[in-house]
1. Search the range 66-121 for residues being of a type in the set (D, E, K, R) and touching a Gly at 6+ places or on another chain (Cβ under 8 Å), and hand back the single one that is nearest to residue 281 (Cα to Cα).
2. Consider the range 179-203. How many of its residues are of a type outside the set (D, E, K, R), over 18 Å from the mean Cα position of the chain (by Cα) and closer than 22 Å to residue 9 by Cβ?
3. Spot the failing condition for residue 297; the list is (1) within 15 Å of residue 221 (Cα to Cα); (2) within 25 Å of the chain's Cα centre (by Cα), and only one is missed.
4. Under 6 Å by Cβ, and 6 or more places apart or on different chains, what pairs join a residue from the range 155-176 that is among the acidic types (Asp, Glu) with one that is not in a loop (DSSP other than H, G, I, E, B)?
5. Can you name every residue in the range 155-213 that is of a type in the set (Ser, Thr, Tyr) and modelled with pLDDT of 90 or more?
6. For the range 284-316, which residues satisfy the criterion of being polar (S, T, N, Q) and free of Cβ contacts under 8 Å to residues at least 12 places away in the same chain?
7. Within the range 64-85, can one find any residue that is of a type outside the set (Ser, Thr, Tyr) and within 10 Å of the chain's Cα centre (by Cα)?
8. So residue 153 fits all but one of (1) of a type outside the set (Gly, Ala, Ser); (2) in contact with a His (Cβ under 7 Å, 6 or more places away or on another chain); (3) more than 22 Å from residue 208 (Cβ to Cβ); what number is the exception?
Amino acid sequence: MRAPEFWQKKGLPATLLSPLGALYGISVAFKARNARPLNPGLPVICVGNLTAGGSGKTPVAIAIAEMLRARGHKPYFLTRGYGGKERGPALASRGHSAAVMGDEALLLARTAPTTVARDRAAGARFARDKGASILVMDDGHQNFSLRKNLSLVVVDAESGFGNGRQIPAGPLREPVAQGLARADAVILVGEGEPDLEGYRGPVLRARLIPNAAAFAGKDVFAFAGIGRPEKFIASLQDCGAHLTGSCFFDDHHAYTPDEITQLKMVAGNVLLVTTEKDFVRLTTAEREGIRVLKVVAEFDDKAAMQRLLDRAVPEV
């Protein structure tokens with residue numbers, strides 16, 4: 001589902017749901033206190049967040065995996081495979097569908113081997129046996145089954161933490177201060193200065209850089225099923241594209257053939273554009289005629305990210 005509008009502002013719905021949200025945060029704190037994390041025998045870098053919905057963590061995880069590969073490591077991604085049926089542990093590949101592995105797993109698998117596992121400890125052992133030298137855990141800041149060498153919290157600098165309430169009253173998975181207390185560093189994605197509630201650790205800045213040349217001056221019709229589709233639209237406009245229309249679906253939406261046919265008919269002669277995460281949910285035939293806005297995460301201070309990696313994992 002798409003995030004409700006009241007998640008971005010305080011009001012009656014958020015107030016009424018706040019008691020349930022408080023229980024959500026308490027459950028995370030309970031799990032953290034009582035966890036017995038497994039040492040999987042190889043370093044674990046967790047790239048997580050404090051909110052439901054898009055914060056930019058997947059592009060950040062990909063950028064970190066590429067940095068680790070440049071340092072001589074063989075990184076494997078470890079993910080739950082949200083939206084997919086696979087319980088794992090299993091390796092995701094281009095031949096799988098998003099319905100089986102989840103869209104984020106298929107996107108990650110384009111960069112490095114990706115293990116899908118509901119049981120992260122079992123997934124870590126599986127990846128180690130397959131030859132991984134290091135794990136990049138995509139999402140998992142609220143998962144305590146593995147010992148983590150480096151815990152990074154990615155924050156959308158523009159939207160921050162919404163109304164500051166916890167699910168279902170707001171977008172937070174746990175209180176901000178509680179989540180940041182376990183963070184080794186915070187990565188702010190985009191412009192903005194969200195309130196980090198007294199956090200005193202390292203704060204890095206990253207930006208999502210699109211393939212702007214592909215859309216500059218072009219008429220486009222955009223569609224997406226992601227947490228914050230307005231970010232997608234803003235990126236297209238920043239590229240210099242002229243938006244003729246748009247159509248949004250729930251996050252992780254499973255497109256039907258009829259929906260794709262209708263989208264192509266509505267777009268007509270203009271470019272039909274979607275996100276990478278949406279594109280991997282389409283069949284080969286459905287992808288024909290659809291363009292993709294690709295983004296890569298770039299750190300303002302790459303050396304600072306390298307120093308974090310230096311402290312967490314050895315260079316091969």
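1. Looking at residues that are of a type in the set (D, E, K, R) and touching a Gly at 6+ places or on another chain (Cβ under 8 Å), I get 103.
2. 3
3. The one condition residue 297 does not meet is (1).
4. From residues that are among the acidic types (Asp, Glu), the pairs are 156/189; 174/25; 174/28.
5. Within the range 155-213, 199 is the sole residue that qualifies.
6. 284
7. no
8. Of everything listed in (1) of a type outside the set (Gly, Ala, Ser); (2) in contact with a His (Cβ under 7 Å, 6 or more places away or on another chain); (3) more than 22 Å from residue 208 (Cβ to Cβ), residue 153 misses just condition (3).
The values are calculated or read from the model by the stated rules, or taken from the named source; none is laboratory data. Being a predicted model, the structure only gives us computed values, none of them experimental. With ideal geometry, Cβ positions are generated from the backbone for all residues, glycine too; neighbour counts draw on all protein chains shown.
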